[in-house]
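Accompanying notes for the structure given below.
The values are calculated or read from the model by the stated rules, or taken from the named source; none is laboratory data. These numbers were taken from a predicted model, which means no experiment stands behind them. Please note: Cβ atoms are built from the backbone with ideal geometry, for glycine as well, and neighbour counts cover all protein chains shown.
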Amino acid sequence: MAIITVDHLRKTYGARVAVEDVSFSVEEGEVFGIVGRNGAGKTTTVECVAGLRTPTAGTIDLDVGPDGGAGADLKEQVGVQLQECSLPDKIRVGEALSLYASFYRRPADWRALAADAGLDLRASFATLSGGQRQRLSVALALVGSPRVAILDELTTGLDPQARRETWELVTRIRDRGVTVLLVTHFMEEVERLCDRVAVISRGRVRAVDTPAGLVARAGGEQRLVFRTERPLTAEQVTGLRALPEVTSATVEGGDDAGEVTIAGTGDLLSAVTAVLPASLMRGLRMERTTLDDAFLALTDPSYGPSHAPSQEES
Amino acid sequence: MTTARTRVLVRIAAVEARLFLREPAAVFFAVVLPVALLLTLGATIPGFRDADPSLGGQRFVDAPFTSMMVLLSVVTLGLSALPAVLVTYRERGVLRRLSTTPVRPGALLSAQLLINVGVAVVATALTLGLGHLFLGVPPPRSPWAFAGVFVLGSTAMLAIGLLLAAVAPNSKVVQGAGAALMFPLLFLAGMWLPRPLMPELLRRISDFTPTGAFGQALTDALGGGGPQAVHLAVLAGWALAAGLAAARLFRWQ
């Protein structure tokens with residue numbers, strides 16, 4: 001049963017269209033990702049879901065309370081961690097958590113939340129590292145025991161270690177049964193955390209699928225690349241091409257060794273080694289379509305499947 | 001519902017009060033400086049403790065100087081402390097984060113007003129109490145009038161602070177604007193040139209400024225025959241105008 005249903009959401013600021021037409025639904029207990037480039041409309045979408053902005057058109061249904069998740073009840077049931085929301089420098093972790101806990105009717109145990117996030121209750125906000133600030137932010141979003149947590153750009157600007165710790169925190173939130181709506185532009189984060197993901201580009205949903213499903217949509221092709229000591233015989237090449245898993249096989253000739261590239265789907269490696277002894281292959285490597293490729297293919301029409309570098313979005 | 005709101009407001013105000021006490025500069029300028037100026041200058045400047053015929057036989061330290069120190073504390077809070085904190089909170093998304101909770105960000109604003117009034121009361125009590133103890137400054141001749149003037153003047157200064165916070169785009173601008181307003185307003189109040197010594201035109205102008213009206217009304221309530229209606233009306237007008245403008249212009253993010 002869907003806990004969040006967004007139906008043809010549209011949000012404009014004057015003449016500027018922030019969200020053109022966005023629809024998706026989030027099942028209870030899942031981690032649902034919203035990915036897109038900067039300015040795609042991700043944050044505006046979740047701010048509408050959180051009740052912080054009023055949609056220009058479309059509806060948002062939250063199945064979180066007796067009154068259909070409106071007003072104060074929505075704020076009780078939806079915990080929000082927003083980008084660029086900090087706290088006063090001199091406030092201590094314990095003060096902030098106990099203060100925010102007092103805002104809710106059924107607060108969580110804030111000491112346990114702080115321990116879970118690895119935070120020292122006596123530390124001042126100003127002395128916290130970027131990762132600690134983000135984890136405090138997450139703890140503040142959870143302090144009201146919400147059924148839904150909205151986390152926006154949680155790990156942007158964090159170093160790899162801090163990012164990993166934050167990911168573990170999100171996994172533990174999901175394990176407690178809280179539905180998580182996660183805004184991100186890191187594909188690694190999506191692969192690690194998300195059950196399903198909506199790809200948003202220029203204010204529209206381009207796809208809603210599992211991370212693996214998105215990869216499959218983008219071709220899902222694998223390539224085996226290896227060299228052989230002696231050039232392959234014509235029969236061997238014909239045999240490879242005859243395999244149902246193989247879509248193409250190319251042999252680049254050298255003097256005494258050729259590079260062989262075999263593209264295909266399914267269990268390509270087993271199929272190839274069945275006709276070609278693995279002992280013939282040197283420097284075997286396997287390449288597959290990544291979520292980065294899939295993301296770029298969905299959000300950038302000029303991106304072709306031929307060039308594969310996974311570029312980080314700035 | 002009302003009790004729950006009051007409880008939350010008290011919690012926020014308690015945390016804000018602790019944050020205020022952790023800012024040495026704020027405590028110094030709003031509390032320590034006025035009290036220290038009264039005691040040191042009052043005790044050392046020749047003539048401050050002599051009966052002055054032009055003041056009806058009172059000493060300068062009794063009403064005019066003491067009322068200036070009360071005013072200094074309130075003006076510092078209204079023009080500097082309050083707007084700086086509010087603009088920083090808006091700039092850093094503290095108000096925005098609060099808007100994601102069941103508590104409205106207005107609660108933080110109310111808590112800030114509350115603790116600024118609280119600090120002003122403490123500073124004023126210290127000024128009057130220690131002034132009485134060490135310099136023999138008599139207690140206000142009309143205590144209720146003094147309390148009324150204090151509340152009205154504080155409301156006007158804090159309302160002006162809210163207006164500053166409402167229109168300032170960032171914390172640098174609000175600090176600069178606060179300081180730029182503070183010095184002329186303190187001058188017009190008679191901080192450096194007592195109002196009785198001002199040229200007639202300057203004193204007429206001063207009557208209609210929030211600090212000129214506040215300072216004279218405090219002096220009159222402390223040692224004279226009570227505040228004049230014109231000064232009370234001027235303070236009420238500033239409080240109302242600045243308060244309404246701030247309410248219309250305030251941005252939460």
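The figures follow:
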read-out: Strands (runs of 3 or more DSSP E) wholly inside the stretch A:204-300 that include at least 3 residues being modelled with pLDDT of 85 or more, in contact with a helix residue (DSSP H, G or I) (Cβ under 7 Å, 6 or more places away or on another chain) and within 30 Å of A:PHE186 (Cβ to Cβ); value: A:204-209
read-out: Residue in the stretch A:139-155 that is over 27 Å from A:ASP63 (Cα atoms), assigned by TED's automatic domain parsing to the domain that holds A:ARG192 and not aliphatic (A, V, I, L, M) present; value: yes
read-out: Qualifying positions in the stretch A:77-87 - surrounded by fewer than 21 Cβ atoms within 10 Å (Cβ to Cβ), at the interface with another protein chain (Cβ under 8 Å from one of its Cβ atoms) and touching a residue at least 12 places away in the same chain (Cβ under 8 Å); value: A:SER86
read-out: Flag for B:VAL8 being in contact (Cβ under 8 Å) with a residue 40 or more places away in the chain, among the aliphatic types (A, V, I, L, M) and away from every other protein chain (no Cβ under 14 Å); value: no
read-out: Pairs where the first residue, in the stretch A:182-195, is closer than 14 Å to A:ASP292 by Cβ and the second is modelled with pLDDT under 95 and in a loop (DSSP other than H, G, I, E, B), C-beta under 6 Å, 6+ apart; value: A:HIS185/A:GLU313
read-out: Elements of type helices (runs of 4 or more DSSP H) in the stretch B:63-173, at least 2 residues being under 30 Å from B:GLY47 (Cα atoms) and among the aromatic types (Phe, Trp, Tyr); value: B:143-167
read-out: Check on A:LEU97, more than 9 Å from chain B (Cβ to nearest Cβ), part of a helix (DSSP H, G or I), surrounded by 20 or more Cβ atoms within 10 Å (Cβ to Cβ) and in contact with a helix residue (DSSP H, G or I) (Cβ under 8 Å, 6 or more places away or on another chain); value: yes
read-out: Answer residue from the stretch B:114-132, given it is closer than 19 Å to B:ALA239 by Cα and surrounded by fewer than 21 Cβ atoms within 10 Å (Cβ to Cβ) and is nearest to the other protein chains (Cβ to nearest Cβ) among those; value: B:LEU114
read-out: Hey, B:VAL103 within 13 Å of another protein chain (Cβ to nearest Cβ), modelled with pLDDT of 95 or more and closer than 30 Å to A:ALA141 by Cβ or not; value: no
read-out: Residue in the stretch B:72-85 that is surrounded by fewer than 23 Cβ atoms within 10 Å (Cβ to Cβ), in contact (Cβ under 8 Å) with a residue 40 or more places away in the chain and within 14 Å of chain A (Cβ to nearest Cβ) present; value: yes
read-out: Test: residue in the stretch A:43-56 that is more than 14 Å from every other protein chain (Cβ to nearest Cβ) and either surrounded by 18 or more Cβ atoms within 10 Å (Cβ to Cβ) or touching a His at 6+ places or on another chain (Cβ under 6 Å) (or both); value: yes
read-out: Any hit, the stretch A:254-261, residues being surrounded by 15 or more Cβ atoms within 10 Å (Cβ to Cβ) and charged (D, E, K, R); value: yes
read-out: Residue among B:PRO210, B:PRO194, B:PRO199 that is surrounded by 15 or more Cβ atoms within 10 Å (Cβ to Cβ) and over 21 Å from B:ALA30 (Cβ atoms); value: B:PRO194
read-out: Of all residues in the stretch B:14-57 being surrounded by 11 or more Cβ atoms within 10 Å (Cβ to Cβ) and not in a helix (DSSP H, G or I), the one that is modelled with the lowest pLDDT; value: B:GLY56
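Conditions tested, residue by residue: (1) surrounded by 23 or more Cβ atoms within 10 Å (Cβ to Cβ); (2) within 14 Å of another protein chain (Cβ to nearest Cβ); (3) part of a loop (DSSP other than H, G, I, E, B).
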position	(1), (2), (3)
A:LEU136	yes, yes, no
A:ALA141	yes, yes, no
A:SER145	no, yes, yes
A:ILE150	yes, yes, no
A:LEU154	yes, no, yes
A:LEU158	no, no, yes
A:LEU169	no, no, no
A:GLU191	no, no, no
